[in-house]
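Take a look at the structure below.
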Amino acid sequence: MEIEQKTVFSREQLDAYFASYVGMEGGNPAAAVWFCDSTPHPWVESLVAPLEPRTQPGAWDSAYRERHRESMERWQSHQKIARIMAAARAHTFASPQSECDWKHYFDQHLYAPGGAEFKLSLFPLPAHLIGQTPWSRAFRGQPALVPKQRYLDLCRAGSRFRFIEGIRREWKPKVVVCLGERHFSDFVLAFGIEQARAGDFILQPADLVKTLRVLEHDGTTWIMCPALAGASGLTSDVLLEAMGRYVARWLVPEDFPIRH
């Protein structure tokens, strides 16, 4: 995390900066499937002056992949999302799924500019900073960010969550997979789905059981699921592939623009 200590950013400057695609992996916002996490990982932005809102989403194009090739093999959460999408694709095309499918998907297709998914984050700054630097130390001298609760409140009540609701309304994805049940209230607030129709789905491959909260509103379905890490998370290959098959219920072959 790079902080330019001599520049103190105002609440208004940060609010305008956060009301953009900053802190989002990106991909294809026109895709049928979105994944929404609470915070970004890994962090590749810098919080330095001048703050310039990211008005266009980024993507994992060939230049990005070349730049991060050495570290990508450690990005386990993104690999799990690739496993979900590879399973969804195999189910959509009614084709057998091999073990190499998700690896190929991760290496070639995940978050591609014209691909099948888009990745965003509720909050723009990472929960865990580089080197495990404490939040208060990393942002010392930035009164709009310290204490951390002040930053969270800025995103919730300011323009960040309104931006998220706006791009969802603009692009209307078929499915939004929300990662991390403990952030349920923030997902609901950010997407403006307090009045959405809600129900439960039991994900039960083999002997593992996970209850997913499912909400429907304005042509989009939100699936609130466990995080991709932790003892109670979606961590097994069996669960991830079952999740992919469930997501495929909303998909058709045309939702996978890149076939190979």
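The values are calculated or read from the model by the stated rules, or taken from the named source; none is laboratory data. Fair warning: this is a prediction, and the values are worked out from it, not measured in the lab. All Cβ positions, glycine included, derive from the backbone under ideal geometry; neighbour counts span all protein chains shown. Heads up: the accessible areas ignore ligands, DNA and RNA and are worked out on the full protein's heavy atoms, side chains in. Shrake-Rupley method; radii C 1.70, N 1.55, O 1.52, S 1.80 Å.
Report yes if some residue within the stretch 86-96 is open to solvent by less than 40 Å² (accessible area, probe 1.4 Å), among the polar types (S, T, N, Q) and within 30 Å of residue 142 (Cβ to Cβ); otherwise report no.
No, the stretch 86-96 contains no residue that is open to solvent by less than 40 Å² (accessible area, probe 1.4 Å), among the polar types (S, T, N, Q) and within 30 Å of residue 142 (Cβ to Cβ).
I'd like the full set of residues that are touching a Lys or Arg at 6+ places or on another chain (Cβ under 8 Å) and open to solvent by 20 Å² or more (accessible area, probe 1.4 Å), limited to the stretch 12-23.
Scanning the stretch 12-23 gives 15, 19.
Collect the residues in the stretch 206-260 that are within 17 Å of the chain's Cα centre (by Cα), open to solvent by 30 Å² or more (accessible area, probe 1.4 Å) and hydroxyl-bearing (Ser, Thr, Tyr), keeping them in residue-number order.
Across the stretch 206-260, the qualifying residue is only 235.
Name the pairs: first residue in the stretch 39-54 and open to solvent by less than 60 Å² (accessible area, probe 1.4 Å), second residue at pLDDT 90 or above and in a strand (DSSP E or B), Cβ to Cβ under 8 Å, at least 6 apart or on different chains?
Note: pairs meeting the criteria are 39/121; 40/121.
Could we say that residue 163 is within 19 Å of residue 88 (Cα to Cα) and open to solvent by 10 Å² or more (accessible area, probe 1.4 Å) here?
Taking the combined requirement at face value, the residue does not satisfy it.
So which helices (runs of 4 or more DSSP H) are wholly in the stretch 56-129 and hold at least 2 residues that are small (Gly, Ala, Ser) and in contact with a helix residue (DSSP H, G or I) (Cβ under 7 Å, 6 or more places away or on another chain)?
Once the helices (runs of 4 or more DSSP H) in the stretch 56-129 are filtered for at least 2 residues that are small (Gly, Ala, Ser) and in contact with a helix residue (DSSP H, G or I) (Cβ under 7 Å, 6 or more places away or on another chain), what remains is 76-92.
Checking residue 200 against (1) under 27 Å from residue 53 (Cβ atoms); (2) open to solvent by 60 Å² or more (accessible area, probe 1.4 Å), which single condition isn't satisfied?
(1)
Being open to solvent by 30 Å² or more (accessible area, probe 1.4 Å) and in contact with a strand residue (DSSP E or B) (Cβ under 8 Å, 6 or more places away or on another chain) narrows it down to one residue among 121, 77; which is it?
77 is the lone residue from the list that is open to solvent by 30 Å² or more (accessible area, probe 1.4 Å) and in contact with a strand residue (DSSP E or B) (Cβ under 8 Å, 6 or more places away or on another chain).
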